[in-house]
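Data first, discussion second: the structure below is written as structure tokens.
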């Protein structure tokens, strides 16, 4: 391979580097937009989890209270039936007792149906974690491309990568303020 071939190879390599740099630059805007949008989605999911959990707990507490009242009603009806009243009153009391037991059964069905909330919460937590993982990956790509393209001093690179590692390793959920801090250091 002669010098002319090496020069052609170097020109080709420089062209590929320029194209890759341009592709990375084109990629920055959607990554930055995603980095801004993901926290909003995470907040919305957190709010949904909290509100559905709160509502489910309130409903379950009310149903427990209704169930307790129904048990007292059932006891009172049993006591009244034991007095052996006239047939018409006894039939009415037995009928009321049957309806009350049916209500108790339906309350138990509703309590069982509410158990879906826990499963829904688990699924929402998984979605939230996926969004957090995606935010971390996007942040890493953005930081790597910016640090590489800006020719920062080694000390500044270590500082930025140190902050990035602290954010990724120390937080279960990456705080948007931390992300914004790194992005602002990179001029984004």
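Computed over the stretch 56-166, the alpha-carbon pair-distance distribution with 5 angstrom bins reads 2, 10, 12, 10, 7, 7, 6, 5, 5, 5, 5, 5, 4, 4, 4, 3, 3, 2, 1, 0, each value a whole percent.
Model label points for residue 130 and residue 74, set 7 angstrom from Cα along the Cα-to-Cβ axis, are 4.3 nm apart. The simple spin-label model puts a point 7 Å past each Cα toward its Cβ; for residue 95 and residue 110 those points are separated by 2.4 nm. Relative to the current alpha-carbon distance between residue 119 and residue 165, full extension at 0.36 nm per residue lengthens the span by 13.3 nm. Over the chain, the ratio between the Cα radius of gyration and 2.2 N^0.38 Å evaluates to 2.02.
The angle separating the long axis of helix 3-82 from the principal Cα axis of greatest extent in the chain is about 10 degrees. Residue separation of residue 175 and residue 5 scaled by 0.36 nm, minus their Cα-Cα distance, works out to 56.1 nm of gained length. Only helices enter the 222 nm calculation for the chain: every DSSP H run of n ≥ 4 contributes -39,500 (n - 2.57), and dividing by all residues gives -33000 deg cm²/dmol, rounded to 500.
No lab work stands behind these numbers, since they all come straight from the coordinates. Keep in mind it's a predicted model, so treat the numbers as computed, not measured. Please note: Cβ atoms are built from the backbone with ideal geometry, for glycine as well, and neighbour counts cover all protein chains shown.
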